[in-house]
Each structure stands twice: as C-alpha cells, then as structure tokens.
Amino acid sequence: MVPLEDDSSLALLPIVKLVAGATRAKRIEIVHPDLLVTKISRLSTVVDFILFVGASMRLALHAIMSTNELKTLLKAPRLALRSPKNNQRVLYLKTNLWMGIKAGGSIGHIAGVVNGLQDAGYPVTLASAEQPVMVDSKVKLQHVNPPRTFGLPYELNNYRFQDIFAKTVRPLLAGHAHGVIYQRLSAANYLGALLSREYQLPLIVEYNGSETWVAKNWGRQMRFHGLATMAEEAMLRHAHLIVTISNVLRDELISRGVEPKRIVTYPNCIDPAIFDPACFSLAERNKLRARYGITSKERLIAFIGTFGQWHGVDVLARAIAQMCSDDREWINRHNCRFMLVGDGLKMNEVRRTICDAGAEDICIMTGLVPQTEAALHLAAADLFLSPHVANTDGSKFFGSPTKLFEYMAMSRGIYGSRLDQIGEVLSPSLDVNNLPALGASPQETNVETAVLGAPGSVDDLIAGIRFLVERPEWAEHIAANARNKALSKYTWQRHVDAILDGYKAIMREPE
C-alpha cells in the first residue's frame, strides 16, 4: 500500500509504482489524498517506466538549455528601470518544488510578506504549486501544476519545473496586468530574472541564504552544484532589489558583488493578530496540553522548529538527558515537562538521546504540527528555548529564526543562544553566568528580554532553564519586555514597509 500525502506527490507516483512493482508484494494499492484506494497492476508499471525514462531524457535537455541561458544572463546587464510603474500589483513567485510542506518558518514568512504587501496597497497574485497556508483571502492565487512525472537526476526537475511555471504565469504578465515581480529565491531556479527582462518589470528577490551552501553544509552537495550556483548568481545579478533577513547575509551579498543600495535588510517577524497569548483561553490551552498528556499544573518548557542543523535541538536533548541523570529530583519537584514540536534531520539523534537517558516520560515529541496550530502550541507552554548553534564551517550564523519572534510575541520567558542576530534581537539580556542574586526582584529599570548563554553549551542551557523555572517573577518580567519589543519592531508590516521603502528608492534612482 502506497500513501500519497497530497496532490503535489502525484509526480512521484510513476517512480513509486516502479519501486513497488519490483517487490514481491501480491497486491499494490495507492491511497490517494482523498483516501480513495486504487489497485495497480504490474503491467501498468511498464507505462510508468516509459514515462520515467522520457522525463529523465527531458531533464538532460533542460540542463543543457539552462546552462546556455544562464551563461547569457550572467553576461547581460541588469534591466534599466526608467520610472516607477503605475501598476502596483505584485506577482509573487513561490518556485520551490517542495512536496507538501505545511509547517516551518518559511510558511509564516511567505504569508507575512504576501499579506503585508496586500494590506499596504500592493495587491498580490501568488503563484505556487501548493495551496498556501495562512494567506489572506483577498490574495489572488495561481496554481502551478508540478511535473506529471519526475525523472533522474532529481535536482534537474527544478529546471523542468521552471519551464512549466513560466508557461503558467506568462499569461498573467501579458497586457501589463502586474507591475512588480517578487520571487523567494529557491534552489536551481532563475525564473524571476527571465520574466523581469522579458516583460520589462522590476524584480525583487528575497534572499534567505544560499541554497547551494545549505545543500553542501547541511545536507548533501548538489550533483549539479555549478549549475545551481549559476542560477543563484543570475538572480542576484538581475534583481533590482534584494531583501534579506540579517546583517551577515547583507555582508555576504556585498562580498558577492551586490551594491549596498540594492539591499534591504530586516529580520523575520510575526503577525501580531496570530501570535497573541490573549487569543487563547485557559480551556483551549489545557485542551491542547491534555492531547499530549500534560496536566495544567505541570511546568511546560517548549521548543519549536524543524530540527535542522543549526536549531540546536540535539544540544537540548543532551541537556534534558543530563538533567534527568544528575537531578531528577529537581525536575519532579518543579513538575517540569519538555515539549519538542517539529521534525527533521536531527529527530533520530534526539530520540536516541532522550530514550538512552530514560527521559521519555518527561519529554513529549509532537512531530510536525500544522503552521495554523503553532501559536496554540506556544500558548500552552510556560517557557521557551532557542538553543541555536554556530555553523560548523566557522562561518557566521546568518539566520533569523522565525520562532524567536514568535516566542517573544507569546510573552513567555525565553532562553536563547548569544549568537549573532539572536543576541542582537534579544538584547539587552540577562547573562546566564551573571544572573540576579536570590531575593533580587525585577525593577522597571530591568528591560532585559531573555536569558542568554553560549551557543552549544549544555551547562549554560541547563542553568538558564533552572533560573527561569525557579524565578518565575523574572521569567514573567522579561517575557513582558520581549512581547513589547516584538510588537514595536518585529511585525510583518514593518518588514514589508522596509521592502517598499527600498523599492521606492531604487525606482527613483537611475541605474
């Protein structure tokens, strides 16, 4: 039996059927997203094999065409902008060839920018292969069908998908229906650069880090690394404005030849209407807790993330294991439970660490939850942890963790790593090695927003947890400070205002 999570998985069906056909299974059944079950004959896999071979041959052709096209783009000058466009409608290109991802910071980021542009008087058409999450109903949606069949090598499917995407959105650009193209940079895709030149439109590129660097350092280097790098360089070369989320990424862009005037830097943010603790009643919070077997009297310490290389969830697991081993009596006395929300590369390592320490009874691992439930999970918690770690290659931490701003907005005590933007956003902060003495109460002059410790330090993380649990008056005080700061500086509308200020400036200034 082969389950398909959603319609975006259909492109994998021929490959999955081929694999299933090669087994000794007596019967092959496909469970569709609507739970309809269909039986598959082994004979039909012959057709799938032909489709798969044909798709793989087309991928080779697309790779050759893209190579030639990118060589031309990398030599060509950027389109000169003559005057501001009267048409403010934005065509937002979400070109990721993902398979059903419904959670994570990128989901909130996309919704925040799209909704912010819409509210600011820049109507948006969102083109995507997936149904968007948390996007305002006023936003116009354009579905882009993924390839009917994937071929191999897998990463070359991105270039074929780009061609399909282009054919879908070109009619939207005909007749000057849109005045701006906005593309969230994705791996092995340079569609925005092509459309900008073809339709003489300004291009805004959102840059959250190099996809080729991420693949090489946090996953597996792309087989066609050089081609994907060319695609990335073409997007940066032809973008009229590049929006990024940290000063580290801004510096990287400048080192890659991007003029500072073409860069807007603003951290990730939150929607204050969604991430508001007042939106959730005590009954709702307790119902969520009860789902995981957590009582209302327990102190719930939460982490939410995609268990990536830089989230530090493995450090958190070691801290929980050490606390369980060294001072289980303290955990029991303070009625502490840990909730780890999410999934990803580090999940197996985290599970092993927790299980080996015998800490399963105090640690709930929820797996991925829908982005629409993220705020409720945070509202049900008492304290938040952001134990991010430095990049293993020695480069600066370039992230802007969305969860950090969500933590701040939900008004709970926070422990975080003193790491580049995290330390900057949470400043001023309490230093885990110089915490207030027993008996000292917070005053109005205490404007700290979190407790910070050294990245990767299990001891600092444990000390921060113990302080926030044992000193609830301090946890509440810094939580209130953090929420005030989030509302004043880190809303998506402020992020979008920065984008639009940069866009207007670049449109006024001659190239």
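What the table shows:
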| quantity | calculated |
| --- | --- |
| When each of Lys297/Lys489; Lys94/Lys346; Lys167/Lys346 is checked by Cα-Cα distance, pairs over 30 Å | Lys297/Lys489; Lys167/Lys346 |
| Gyration tensor (Cα) of the stretch 389-454, equivalent ellipsoid semi-axes in angstrom | 24, 15, 9 |
| Among Asn348, Ser128, Val248 the positive-end extreme of the charge dipole of the chain (Cβ point charges) | Ser128 |
| The stretch 143-237, Cα convex hull volume normalised per residue, Å³ | 100 |
| Cα-Cα separations in the stretch 98-194 greater than 22 Å, expressed as whole percent | 32 |
| Calculated [θ] (222 nm, deg cm²/dmol) that DSSP helices of n ≥ 4 give over the chain, each run adding -39,500 (n - 2.57) | -13500 deg cm²/dmol |
| At R0 = 22 Å, FRET efficiency that the Cβ-Cβ distance of Ala498 and Glu424 yields, to 0.05 | 0.85 |
| Nonlocal amide H pairs with Val264, under 5 Å, H built at 1.01 Å | Ile242, Val243, Thr244 |
| Folded to 0 to 90 degrees: helix 472-489 orientation relative to the chain principal axis, Cα | 30 |
| Equivalent-ellipsoid semi-axes of the stretch 277-490, from the Cα gyration tensor, Å, largest first | 22, 21, 19 |
| Estimated translational D of the chain in µm²/s (Stokes, Kirkwood radius over Cα pairs; 4 °C; 1.567 mPa s) | 52 |
| Sequence-separation-based contact order of the chain, relative, with Cα cut under 8 Å and 6+ spacing, percent | 14 |
| Angle between the chain longest axis and helix 282-291 axis [Cα atoms, degrees, rounded to 10] | 80 |
| Relative contact order (%) - criterion: Cα under 8 Å, at least six apart; region: the stretch 395-485 | 38 |
| Two-site label geometry, Arg223 and Ala278: point separation in nm, points 7 Å out along Cα→Cβ | 5.5 |
| Spatially proximal aspartates and glutamates relative to Lys138 (Cα-Cα < 17 Å; intrachain offsets below 8 disregarded) | Asp119, Asp271 |
| Contour minus Cα-Cα distance for Thr168 and Lys71 (0.36 nm per residue) | 32.5 nm |
| Rounded to 10°, Cα long-axis angle of helix 225-238 versus longest principal axis of the chain | 90 |
| The stretch 277-490: relative contact order as a whole-number percent, Cα under 8 Å and 6+ apart | 22 |
| Segment Ser441-Leu487, extension gain: residue separation times 0.36 nm, minus the distance between their alpha carbons | 14.1 nm |
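The numbers here are math on the coordinates, done by the rules we state, and not lab data. Computed from a prediction, not measured in an experiment: that's the story for all the values here. Every residue, glycine as well, gets a Cβ built from its backbone with ideal geometry; the counts of neighbours run over all protein chains shown.
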